[in-house]
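**Q** Quick one: structure below, then a few questions.
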Amino acid sequence: MPHFVKGVIKFQNEVYPEKKELFEKLSKGQAPEALFITCSDSRIETAMITQTDPGELFICRNAGNIVPPHTNQTGAMTASIEFAVAALKVPHIVICGHTECGAMKGALEPEGLASLPHVKEWLGFSKAAVDVVRELAPDASPKVRMQMLLEQNVILQLTHLRTHPSVAARLAKGDLKIHGWVYDIETGAVGAYDEALNEFVPVDERYAKEVAALMSKDCSA
Ligand SMILES: [Zn+2]
């Protein structure tokens with residue numbers, strides 16, 4: 001029996017009973033805290049990384065955590081973003097890239113994608129990030145270039161995200177925050193984009209103010 005089938009049986013017998021109340025509450029509706037856009041890569045476990053329960057993240061995944069810029073053509077990402085932002089009114093959107101990303105490797109070396117025409121076309125949405133890396137670091141080592149591309153791709157997709165009308169409207173209103181992250185599979189580190197510094201910093205540093213506010217609230221409670 002495949003491991004994942006065994007898992008469902010274990011979930012029903014052991015995990016579900018422990019969280020029965022939560023699942024019953026969730027059957028009435030959802031109010032997720034964030035739209036979480038990340039890569040399809042099997043090594044990213046969103047619930048584990050963010051320590052969230054079902055109902056907390058509205059998740060969209062695709063090769064390369066890409067958000068195509070808004071056009072009048074309907075696609076899965078466009079519809080999902082519109083639903084999360086305009087209907088569910090998520091207060092946050094996170095775009096999360098990751099180390100060892102096969103999609104980003106392909107974007108850097110599109111010659112290797114001859115037998116994957118759809119992947120090749122899809123990665124066209126990351127081309128501006130590749131061009132930025134080629135311009136800024138023409139002589140950097142492959143490792144440095146790849147890290148740079150992971151970050152530049154997240155920044156580019158944040159830019160694309162802003163072209164979606166539902167996102168633009170909520171940003172203008174000031175009740176939506178967008179975040180760019182890169183997750184390191186090997187170390188568990190998460191870098192978060194700091195717009196003021198124009199660089200990625202460790203997540204605890206990036207959200208130091210929010211963490212401090214939460215700590216003082218916990219202490220006074
Ligand atoms: Zn990936």
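**Q** Under the Karplus relation 6.51 cos²θ - 1.76 cosθ + 1.60, θ = phi - 60°, what is the ordered set of whole-Hz ³J(HN,Hα) values for region 104-116, x standing for Gly and Pro?
**A** Residue by residue, region 104-116 yields 5, 4, x, 5, 6, 10, x, 4, x, 9, 4, 8, 10 Hz.
**Q** Using the Karplus curve 6.51 cos²θ - 1.76 cosθ + 1.60 with θ = phi - 60°, what ³J(HN,Hα) values do you get for each residue of region 91-99, in whole Hz, with x for Gly and Pro?
**A** The phi angles translate into x, 9, 10, 10, 10, 10, x, 7, 5 Hz.
**Q** Determine one quarter of the surface area of the Cα convex hull of region 10-140, which equals its mean projected area, and express it in nm² to one decimal.
**A** With every direction weighted equally, the projected area is 11.0 nm².
**Q** If you don't mind, another one. Run the dipole for region 155-221 about the Cα centre, Lys and Arg Cβ at +1, Asp and Glu Cβ at -1, nothing else charged, and hand back the magnitude in debye, nearest 20.
**A** Dipole magnitude for region 155-221 comes out near 460 debye.
**Q** Compute the signed sum of charges (Lys and Arg +1, Asp and Glu -1) over the other residues within less than 13 Å, Cβ to Cβ, of Val132.
**A** With Lys, Arg at +1 and Asp, Glu at -1, the neighbours total 0.
**Q** Right, something else. Write down the percent of antiparallel bridges among all DSSP beta bridges whose residues are both part of the chain, to the nearest 5.
**A** 30 percent
**Q** Taking the Cα centre of each part, how many Å lie between region 171-221 and region 139-163?
**A** Taking the Cα centre of each part, region 171-221 and region 139-163 sit 18 Å apart.
**Q** In the chain, which helices (entire DSSP H runs) extend 24 Å or more along their own long axis, judged by Cα positions, while averaging at least -0.5 on the Kyte-Doolittle scale?
**A** 142-162
**Q** Among the lysines, select those whose C-alpha is under 30 Å from the C-alpha of Lys20, and discard any that sit fewer than 8 residues away in the same chain.
**A** Hits, sequence-local ones excluded: Lys6, Lys10, Lys28, Lys89, Lys217.
**Q** Quick check: pseudo-label points 7 Å beyond the Cα along Cα→Cβ at Ala208 and Leu22, how many nm apart are they?
**A** With each label placed 7 Å out from Cα toward Cβ, I get 3.2 nm.
**Q** Quick one: which residues, 5+ away or cross-chain, put their amide H under 5 Å from the amide H of His179? H built at 1.01 Å from N.
**A** Ile93, Val94, Ile95
**Q** Another question, if that's okay. For the residue pair Asp139 and Phe11, what label-to-label distance in nm results when each label sits 7 Å from Cα along the Cα-to-beta-carbon direction?
**A** About 5.2 nm separates the two model spin labels.
**Q** Which lysines, if any, have their Cα less than 29 Å from the Cα of Lys143, not counting same-chain residues under 8 positions apart?
**A** Of all the lysines, those that pass the test against Lys143 - Cα under 29 Å, at least 8 places apart if same chain - are Lys105, Lys120, Lys127.
**Q** Just going by the charge dipole of the chain, with Lys and Arg at +1 and Asp and Glu at -1 on Cβ, which of Ala79, Gly188, Ser126 is farthest out on the positive end?
**A** Ranked along the dipole, the leading option is Ala79.
**Q** Give me the orientation-averaged projected area of the Cα convex hull of the chain, in nm², one decimal.
**A** One quarter of the hull surface, i.e. the mean projection, equals 16.0 nm².
**Q** Taking +1 at the Cβ of each Lys and Arg and -1 at the Cβ of each Asp and Glu, which of Pro2, Pro138, Ala213 sits farthest along the dipole of the chain towards its positive end, judged by Cα position relative to the Cα centre?
**A** Going by the Cα projections, it comes out as Pro2.
**Q** Still on this structure, I have one more. Can you list, bin by bin at 5 Å, the percent of alpha carbon pairs in region 64-157, starting at 0?
**A** 2, 13, 21, 21, 18, 12, 7, 4, 1, 0
**Q** How big is the dipole moment of region 1-98 about its Cα centre under a simple scheme where the beta carbon of each Lys and Arg is +1, that of each Asp and Glu is -1, and everything else is neutral? Debye, nearest 20, please.
**A** I would put it at about 160 debye.
Values in this text are rule-based calculations from the coordinates and carry no lab data. As the structure is a computational prediction, the values presented were derived from the model and not from experiment. So basically every Cβ, Gly included, is an ideal-geometry build from the backbone, and we count neighbours across all protein chains shown.
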